[in-house]
Amino acid sequence: MNLTIYVWRQKDAKDAGGFEKYTDECKGISEHMSFLEMLDVVNDRLTEKGKMPIAFDSDCREGICGTCSMVINGRPHGPWKATTTCQLHMRAFKDGDVIYIEPWRSKAFPVIQDLIVDRKAFDTIIQAGGYISTNCGSAPDANSMLIGKEVSDSAMDAAACIGCGACVAACPNSSAMLFTAAKLAHMNTLPQGKPEEAQRTLSMVGAMDSAGFGNCSNHLECEAACPKEISGQVIAAMNRGYAKASFGKR
Amino acid sequence: MNWFGRYLKSSVGAKHVMAVTGLLLVGFVLQHMVGNLQVFAGQEAINAYAAGLKKLGPLLWVARIGLIVIFLVHIASALRLVSLNRAARPVAYKMVKSERSSFASRAMAMSGLILLAFLAFHLLHFTLGGGPLKTQFNLIDAYGRHDVYNMVVLGFQKPAVAISYVVAMLLLCLHLSHGVTSLFQSLGLNHPKYNGIFNLAGPVIATLVLVGNCSMPIAVLAGLVKATV
Ligand code: FES
């Protein structure tokens with residue numbers, strides 16, 4: 001298929017940036033290619049012409065690392081549900097389509113180059129409490145700690161978060177609540193995480209707020225955009241947990 | 001008290017502030033509507049109700065000041081959040097495709113601000129007695145009470161006034177349809193067993209308020225409720 005793509009090109013963090021249109025480079029694209037393979041082809045052709053290839057992030061190319069962030073025609077990770085950009089295939093498009101490709105837009109995720117943004121803000125949130133520092137014992141101790149199936153399932157659902165940032169990109173307010181709440185739900189649900197629950201909740205919400213993300217007003221665009229389909233229910237749990245921690249913790 | 005300030009200022013605490021003040025304001029809107037609907041029971045009923053409210057004296061002032069404080073907190077907090085949210089996305093997207101959010105949820109700030117302007121007009125109109133209603137505001141009924149009944153009826157007989165109320169109520173309906181449903185999530189109430197009720201609560205309460213409040217100007221315009229002076 002032949003496509004027209006408009007890609008956000010920005011030399012570095014200081015550059016104002018703008019859209020660049022490509023048509024010749026997007027001719028004869030196979031519908032079996034992934035979206036990133038399509039960009040690889042475009043980049044090869046740009047390189048042959050002596051032009052700067054489009055900078056984008058990718059690593060695993062199988063939907064688990066969360067680096068392949070880009071907004072495709074107004075949707076983070078493109079039009080398919082529960083898919084990352086690397087899992088999106090060109091059969092989602094048809095011959096003659098026009099595709100706009102933009103980086104995540106958020107003050108907390110500054111653009112490094114073209115489609116690559118700096119997601120350090122997420123690391124800061126994790127550093128604030130996204131870990132367990134109590135001694136959980138060795139392997140046999142894990143077997144002696146009984147955890148109900150429903151509890152472990154809900155913790156696992158939250159743990160599916162790959163930290164890609166699509167929630168922030170999709171949120172009209174640039175809020176990072178789905179990410180932070182997923183991490184909190186993942187750890188606070190399990191007995192190993194319980195002893196530090198209150199401190200973890202206060203610290204991670206605090207880190208999220210100071211990183212410059214917006215505030216949640218319950219649009220739930222995050223839930224719709226999440227490639228791992230994490231439910232907005234984790235945000236409600238964080239809303240409860242934060243009040244409990246604020247009022248209850250000494 | 002350090003922790004309490006931090007809690008209120010945090011993104012999650014701010015949600016709770018919006019939800020709790022919003023809940024109280026919805027309570028006020030509903031009781032205000034029920035009180036006003038007595039206009040259908042005739043002049044005696046609503047004038048007696050209004051006189052009864054006035055008789056509360058200092059208690060009425062406590063309620064009024066409480067209401068004003070709740071309003072101010074709701075508005076100030078909303079404005080702070082909107083400006084923070086704007087700042088959080090300095091460069092806008094070229095293309096945005098909304099999937100889950102509703103028109104109502106995206107228009108909260110707009111509907112809220114227009115409602116604030118309407119509120120100023122409404123207070124001037126029926127509480128302070130200025131604006132297009134000046135002459136009807138000082139009416140006294142046969143028992144020497146403030147004649148609320150004729151004030152309202154004569155006020156709504158002006159089509160422009162009646163229509164402005166209907167338009168404001170459409171905006172209020174929009175605001176409540178997201179606001180009421182949203183406050184459950186903000187307060188941490190999200191459970192598959194009850195989400196059906198939470199999701200219905202917003203649209204149902206918003207529609208009740210729309211129908212109830214619009215019934216008055218429409219009945220007056222249609223000549224179903226007539227002035228007695
Ligand atoms: S490249 Fe790893 S999730 Fe897409």
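The values are calculated or read from the model by the stated rules, or taken from the named source; none is laboratory data. Small disclaimer: the values here were computed from a predicted structure and weren't measured. So basically every Cβ, Gly included, is an ideal-geometry build from the backbone, and we count neighbours across all protein chains shown. We work out accessible area using only protein heavy atoms, side chains counted, and drop any ligands, DNA or RNA first. Shrake-Rupley method; radii C 1.70, N 1.55, O 1.52, S 1.80 Å.
Straight-line reach from B:K193: taking Cα to Cα under 26 Å and skipping same-chain neighbours fewer than 8 places apart, the lysines in range are A:K81, A:K149, A:K183, A:K194, A:K228, A:K244, B:K15.
Please compute the alpha carbon radius of gyration of region A:66-106, then divide it by the globular-protein estimate 2.2 N^0.38 Å. Two decimals is fine. Walk me through the intermediate numbers first.
Details: Rg = 10.1 Å, N = 41, 2.2 N^0.38 = 9.0 Å.
In units of the globular-protein estimate, region A:66-106 measures up at 1.12.
In region B:85-172, how does Rg compare with the Kirkwood Rh, expressed as the Rg/Rh ratio over alpha carbon atoms? Before the final figure, lay out each step's value.
On the way: Rg = 19.7 Å, Rh = 16.0 Å.
Rounded to two decimals, Rg over Rh is 1.23.
When the Kirkwood radius is taken over all Cα pairs of region B:1-59, what Stokes-Einstein diffusion coefficient follows at 37 °C and 0.692 mPa s, in µm²/s?
On the way: Rh = 14.3 Å.
Using the Kirkwood radius from Cα pairs, D works out to 230 µm²/s.
Would you please report the Å³ per residue occupied by the convex hull of the alpha carbon atoms in region A:4-112?
Numbers: hull volume 11.6 nm³, N = 109.
Hull volume over Cα atoms, normalised by residue count, gives 107 Å³.
For chain A, the longest principal axis of the Cα atoms and the long axis of helix A:233-248 meet at an angle of about 40 degrees. Taking all protein chains into account, the per residue accessible area for region B:3-221 stands at 52 Å² (1.4 Å probe). Output the 0 to 90 degree angle, nearest 10, between the alpha-carbon long axis of helix B:159-186 and the longest principal axis computed from the alpha carbons of chain B. In chain B, helix B:159-186 runs at an angle near 40 degrees to the longest axis. Relative contact order for region A:142-187: 43 percent, from Cα pairs under 8 Å spaced at least 6 residues apart, divided by residue count.
Quick one: work out Rg over Rh on the C-alpha atoms of region B:160-199, Rh as Kirkwood radius. It would help to have the intermediate numbers written out before the result.
Working: Rg = 14.4 Å, Rh = 11.6 Å.
Checking Rg against Rh, the ratio lands at 1.24.
Taken across both chains, chains A and B shield about 3500 Å² of accessible surface from a 1.4 Å probe. Compute log10 of I(q)/I(0) for chain A with the Debye formula, placing one identical point scatterer on every Cα and leaving out solvent, at q = 0.08, 0.11, 0.13 Å⁻¹, to two decimals. Scattering profile of chain A, log10 relative to I(0): -0.36, -0.64, -0.83. Across q = 0.09, 0.10, 0.15, 0.18 Å⁻¹, chain B modelled as identical point scatterers on its alpha-carbon atoms has Debye log10 I(q)/I(0) values of -0.46, -0.56, -1.11, -1.42, in the order of the q list. Helix content alone sets the calculated 222 nm mean residue ellipticity of the protein assembly as shown: runs of n ≥ 4 DSSP H residues at -39500 (n - 2.57) each, divided across all residues, give -17000 deg cm²/dmol. Relative to the longest principal axis of the Cα atoms of chain B, the long axis of helix B:108-122 lies at roughly 20 degrees.
In the neighborhood of A:G206, defined by Cβ-to-Cβ distances under 11 Å, what is the net charge if each Lys or Arg adds +1 and each Asp or Glu adds -1? Don't jump to the answer; show the numbers that get you there.
Working: positive: A:R200, B:R6, B:K9; negative: A:D209.
Value of the local net charge: +2.
Residues in chain A average 43 Å² of solvent-accessible surface per residue, probe 1.4 Å, ligands and nucleic acids excluded.
On the protein heavy atoms, probe 1.4 angstrom, tell me the percent of accessible surface of chain A carried by carbon and sulfur.
On the way: 5610 of 10860 Å².
The computed percentage sits at 52.
Put simply, the convex hull of the Cα atoms in the protein assembly as shown casts, on average, a shadow of 29.4 nm².
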